[in-house]
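J.: Encoded as structure tokens, here's the structure I'll be asking about.
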Amino acid sequence: MNQRPIRVLVAKVGLDGHDRGAKVIATALRDAGMEVIYTGLRQTPEMVVNAALQEDVDAIGISILSGAHNTVFPKVIALMKEKGMNDVLLTGGGIIPEDDMQSLQSLGVGKLFVPGTATAEIANYITDWVRTHRNF
């Protein structure tokens, strides 16, 4: 069966200018056979969701190190719901305390990853989620 690759949008939202981790993840996901769209730095939640819609992605991954995760993720998930993107995974990672991860997941955000997580674990999570939720 010949199917298209999983499409993932990787984004840096807000003023956080540290994108090395996002680029490492983007490369690892490409190496795992996914098609990756990297939006670059200083994106707004609206820009991320609009790009995800235009690119018809299966997952959005947000890298956030600025401490604004409790603002960014709820805004992105709200915009996704508003636009009917109920079958698109919102995941990400960065410096996010465990309690905050649990709160964000209760809003509908997928698993969140801390720095140092094996890239294969992230790629496997996205692949498994997409295959389960997007009829792959």
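J.: With the dipole of the chain worked out from charges on the C-beta (+1 for Lys and Arg, -1 for Asp and Glu) around the Cα centre, which of GLN54, TRP129, VAL8 lies farthest toward the positive end?
T.: Going by the Cα projections, it comes out as GLN54.
J.: Given a cut-off of under 8 Å on Cα pairs at least six residues apart, what relative contact order in percent is computed for the chain?
T.: Numbers: 211 pairs, mean separation 35.0, N = 136.
Result for the chain is 26 percent.
J.: Follow-up. How big is the dipole moment of segment 1-95 about its Cα centre under a simple scheme where the beta carbon of each Lys and Arg is +1, that of each Asp and Glu is -1, and everything else is neutral? Debye, nearest 20, please.
T.: Working: 10 positive and 10 negative charges, 35 e Å.
With only Lys, Arg, Asp and Glu charged at Cβ, the dipole is about 180 debye.
J.: While we're on this one: So what is the diffusion coefficient of segment 1-46 in µm² per second by Stokes-Einstein at 37 °C and 0.692 mPa s, using a Kirkwood Rh over Cα pairs? Kindly include the intermediate steps, with their values, before the conclusion.
T.: Values: Rh = 11.4 Å.
Reported coefficient: 288 µm²/s.
J.: Assigning unit charges at the beta carbon (Lys, Arg +1; Asp, Glu -1) and nothing else, what dipole magnitude in debye, to the nearest 20, does segment 64-136 show about its Cα centre?
T.: Working: 6 positive and 7 negative charges, 61 e Å.
Using only the charged Cβ atoms, the result is roughly 300 debye.
J.: Which one is right for this structure if Cα extents along the principal axes in Å is calculated from it: (1) 47, 30, 25; (2) 43, 32, 26; (3) 38, 34, 23?
T.: Comparing each candidate, only (2) matches the computed number.
J.: Note down the relative contact order for segment 1-66 as a percent, whole number, built from C-alpha pairs under 8 angstrom at least six residues apart.
T.: It comes to 51 percent, rounded to a whole number.
J.: OK, next. Which is the longest run of the chain containing none of the trypsin sites (Lys or Arg not before Pro) found in DSSP loop states (not H, G, I, E, B) with at most 14 other C-beta atoms within 10 Å? Provide the component values of the computation, followed by the final result.
T.: Details: sites that count: ARG42, LYS83, ARG134.
Counting only loop sites that pass the neighbour cut-off, the longest clear stretch is 84-133.
Laboratory data are not the source of any read-out in this text; all were calculated from the coordinates shown. Please read these numbers as outputs of a predicted model, since none were measured by experiment. Here Cβ is always computed from backbone atoms with ideal geometry, including for glycine, and neighbour counts include all displayed protein chains.
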